[in-house]
Amino acid sequence: MSRYFCDLHIHSCLSPCADDDMTPGNIAGMATINGLQIVALTDHNTSKNCPAFFKQAQAFGLIPVPGMELTTTEDIHVVCLFATLEDAMAFDAFVDEGRPHIKNETEFFGHQYLINEDDSIRGEEDYLLLHTSGISIEEAYAEVYRRGGACFPAHVDRPSGGMIEVLGDVPPEPPFTAYELRDGALRDDYTARYPTLAPLMHVVSSDAHRLTDIAEAVFSIEIADEPYSSKAVRAELIRMLREVPHG
């Protein structure tokens, strides 16, 4: 077992609400400076910058995790992470087919830059990524898990897009096996107020939309990593996030 410092929720310049300098290369560079080892790219309702992120993260010696922050029909934000880039891109195609295709207005929402593997701009996503995906939370979990991924509610301690703010509570028999906090210091408070969360794995992520918001080496996860490979570490992380709690 080794301890890995993680940030599993970061937006690139493909998310219209993120800064334009949030390129995959800049994200990987800042994550390295901050002492992180495992980093996930989770743009709003898309994974299209994940191939470029994989290339850049590997160049910096990071373990990249491909993902997405999906907005469900209930307006709940869920983090979707995958063990392989191929699985992430298959889920991206599924989401892309069903989500609303409404033209982005860059003067109001910002650019949605698609990035090449060399960290250069290759174009823009035409359709606004901030709308709900048209996928229910139940369907999201089913589709992510069918592709071998892990899916959990994002930033439950935030009002905007947080599951607790939207639903008013935590479901008594939730389909998810993990949850995310923005502020790890709130874990005891939230598990006391919402006991359903207590046995679940928790992660603390930045939800960074600008380079200065990317997490420093604070939150970590112990992961079995022998024999070592980045692929094996990523797969074990996903397995842990999918594991059903006992008791």
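Among what's in the stretch 212-227 and is at pLDDT 95 or above and of a type outside the set (A, V, I, L, M), pick the residue that is farthest from N26 (Cα to Cα). Looking at the filtered set, the residue picked out is E222. Taken over the stretch 160-198, the criterion of being out of contact with any strand residue (DSSP E or B) (no Cβ under 6 Å at 6 or more places or on another chain), within 26 Å of A208 (Cβ to Cβ) and among the small types (G, A, S) is satisfied by S160, G162, A185. Just the residues that are among the small types (G, A, S) and either touching a residue at least 60 places away in the same chain (Cβ under 8 Å) or exposed (fewer than 14 other Cβ atoms within 10 Å of the Cβ) (or both), please, taken from the stretch 209-247. Of everything in the stretch 209-247, those that are among the small types (G, A, S) and either touching a residue at least 60 places away in the same chain (Cβ under 8 Å) or exposed (fewer than 14 other Cβ atoms within 10 Å of the Cβ) (or both) turn out to be A215, A217, S220, A224, S229, S230, A235, G247.
For the stretch 170-223, the set of residues classified as among the acidic types (D, E), part of a loop (DSSP other than H, G, I, E, B) and more than 18 Å from the chain's Cα centre (by Cα) consists of E173 only. Scanning the stretch 153-202 for residues that are surrounded by 15 or more Cβ atoms within 10 Å (Cβ to Cβ), among the hydrophobic types (A, V, I, L, M, F, W, C) and closer than 28 Å to A83 by Cα yields A154, V156, M163, I164, V170, F176, A178, L181, L197, L200, M201.
Among residues that are in contact with a Ser or Thr (Cβ under 6 Å, 6 or more places away or on another chain), small (G, A, S) and free of Cβ contacts under 8 Å to residues at least 40 places away in the same chain, A198 is included. Tell me yes or no: at least one residue of the stretch 12-27 is within 19 Å of Q112 (Cα to Cα) and free of Cβ contacts under 8 Å to residues at least 40 places away in the same chain. Scanning the stretch 12-27 turns up no residue that is within 19 Å of Q112 (Cα to Cα) and free of Cβ contacts under 8 Å to residues at least 40 places away in the same chain. Checked against (1) closer than 23 Å to L36 by Cβ; (2) touching a strand residue (DSSP E or B) at 6+ places or on another chain (Cβ under 9 Å), D118 meets all criteria but (2).
Every residue, every condition in (1) under 15 Å from the mean Cα position of the chain (by Cα); (2) surrounded by 17 or more Cβ atoms within 10 Å (Cβ to Cβ), yes or no:
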position	(1), (2)
G25	no, yes
Q37	no, yes
F60	no, yes
E69	yes, yes
T73	no, no
E97	no, no
H101	no, no
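If you go through the stretch 122-152 and pick out every residue that is under 16 Å from the mean Cα position of the chain (by Cα), surrounded by 20 or more Cβ atoms within 10 Å (Cβ to Cβ) and under 12 Å from T71 (Cβ atoms), you end up with 4.
The values are calculated or read from the model by the stated rules, or taken from the named source; none is laboratory data. Just so you know, these numbers come straight off a predicted model, no measurement behind them. When we count neighbours, we look across all protein chains shown, and the Cβ atoms used for this are built from the backbone with ideal geometry, even at glycine.
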